[in-house]
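One structure is given below, encoded as structure tokens.
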Amino acid sequence: MSSRLNPEDQARVDQYLSAPEHRVERQPFRVWRLLLVIVIVIIGLGLISRLLSRLAL
């Protein structure tokens, strides 16, 4: 893929992106952990809504 930048600007961009503060190691994305968190939040909100409905009646 060719860049639309001229070579000087592309060199500056490459230098900026190769700086240590822009090289962050990321953990692998875990789908099952995300689904577990979503299920726990939904169950928790459901329990809170049931508790509030009993207190309101």
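The values are calculated or read from the model by the stated rules, or taken from the named source; none is laboratory data. In this text, all values refer to a predicted model and were calculated from it rather than measured experimentally. When we count neighbours, we look across all protein chains shown, and the Cβ atoms used for this are built from the backbone with ideal geometry, even at glycine.
Assorted remarks:
- Test result for residue 48, surrounded by 10 or more Cβ atoms within 10 Å (Cβ to Cβ), modelled with pLDDT of 90 or more and under 22 Å from the mean Cα position of the chain (by Cα): no
- Single residue of 54, 23, 33, 50 found to be free of Cβ contacts under 8 Å to residues at least 12 places away in the same chain, in contact with a helix residue (DSSP H, G or I) (Cβ under 9 Å, 6 or more places away or on another chain) and among the basic types (Lys, Arg): 23
- Within the range 1-31, being of a type in the set (D, E, K, R), part of a helix (DSSP H, G or I) and either surrounded by 10 or more Cβ atoms within 10 Å (Cβ to Cβ) or at pLDDT below 85 (or both) holds for 9, 12, 14, 21.
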